[in-house]
1. When you look at residue 210, is it surrounded by 13 or more Cβ atoms within 10 Å (Cβ to Cβ) and assigned to a loop (DSSP other than H, G, I, E, B), yes or no?
2. Which members of the range 122-146 meet the condition of being surrounded by 16 or more Cβ atoms within 10 Å (Cβ to Cβ) and farther than 20 Å from residue 78 by Cβ?
3. Taking the condition in contact with a strand residue (DSSP E or B) (Cβ under 6 Å, 6 or more places away or on another chain), in the same structural domain as residue 297 (by TED's automatic domain parsing) and either within 19 Å of residue 300 (Cα to Cα) or part of a helix (DSSP H, G or I) (or both), does residue 232 pass?
4. Among (1) at pLDDT 80 or above; (2) more than 41 Å from the chain's Cα centre (by Cα), there is one condition residue 222 misses while meeting the rest; what is its number?
5. Return only the number of the condition from (1) free of Cβ contacts under 8 Å to residues at least 24 places away in the same chain; (2) touching a helix residue (DSSP H, G or I) at 6+ places or on another chain (Cβ under 8 Å); (3) part of a loop (DSSP other than H, G, I, E, B) that residue 119 does not satisfy.
6. Just for helices (runs of 4 or more DSSP H) wholly inside the range 237-303: which have at least 1 residues that are under 23 Å from residue 224 (Cα atoms)?
7. Identify, please: which residue in the range 1-33 is part of a helix (DSSP H, G or I) and at pLDDT below 75 and is, among those, farthest from the chain's Cα centre (by Cα)?
């Protein structure tokens, strides 16, 4: 037998209070969501302003190196209008000599082997000029770890790089000037009379200095139209086969230019060394002192 239905009366006040509570809960949820939306919009606006007003180039690029988004500063740096830049890739704007290293790092980033990298490299602007830039790139990955896109900064360091290049060039000029000065000091060539040159040699003569002696001597013979060249070895500490060969080569080269080579200042110990070495000095006139050499040269000038 069916149980008789019993009606339980519910007061109107209870229903109204429950409805009010539910409405209050919904309002709180809406307020929280509205605050979250306002915060997200403020963050997005802040990011957009930072992105657009940044004084460095900023870009988001795809896995195939195309542009997803970029700011106006990047367009200014590379010399392209926005619509023009969208038709390029960052690889196509990279100097050909710098592509390989950049692509190797990019491939490692896509694989997740690295998450970011920084690199100095060259870009080719629209007008063909070169911009030296420092790039800082950060990979952005999906929840499953796969690569999604690239976020990057580009700093124009052209002025700094050119300044460094000028500094290095100036440094090299100073080094070259010092080398020339040392060369002139180590291989001085003195015109003592018309068509007469004296080169007093002091210290040790190695292969490098021997080559310098030869070059300076031959250049001097040509410039001064010399007929007599005196190589004075009074100040040479050691004369070995290497030094002797250098002197003989210098004398022969001088003779080929139509001048005569005179060797002066051979000390007893050096003479003994030359005898022991069986040095061939048949093509070189030898005299005791540089004064005798000069007297001989001047005497030959009068004849």
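1. No.
2. First pass over the range 122-146, keeping only residues surrounded by 16 or more Cβ atoms within 10 Å (Cβ to Cβ): 122-124, 131-135, 137, 139.
Within the range 122-146, just 139 meets the criteria.
3. Yes: the conditions hold for residue 232.
4. All conditions pass for residue 222, except number (2).
5. Status for residue 119: all satisfied but (3).
6. Ranges flagged: 241-256, 290-302.
7. Here the residue is 12.
To keep it simple, each residue is scored yes or no on (1) more than 20 Å from residue 209 (Cα to Cα); (2) crowded, with 19+ Cβ neighbours inside 10 Å.
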| residue | (1), (2) |
| --- | --- |
| 242 | no, no |
| 261 | no, yes |
| 287 | yes, yes |
| 292 | yes, no |
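The values are calculated or read from the model by the stated rules, or taken from the named source; none is laboratory data. Because the structure is predicted, anything quoted here is derived from the model rather than measured. Backbone-built Cβ (ideal geometry, glycine too); neighbour counts: all protein chains shown.
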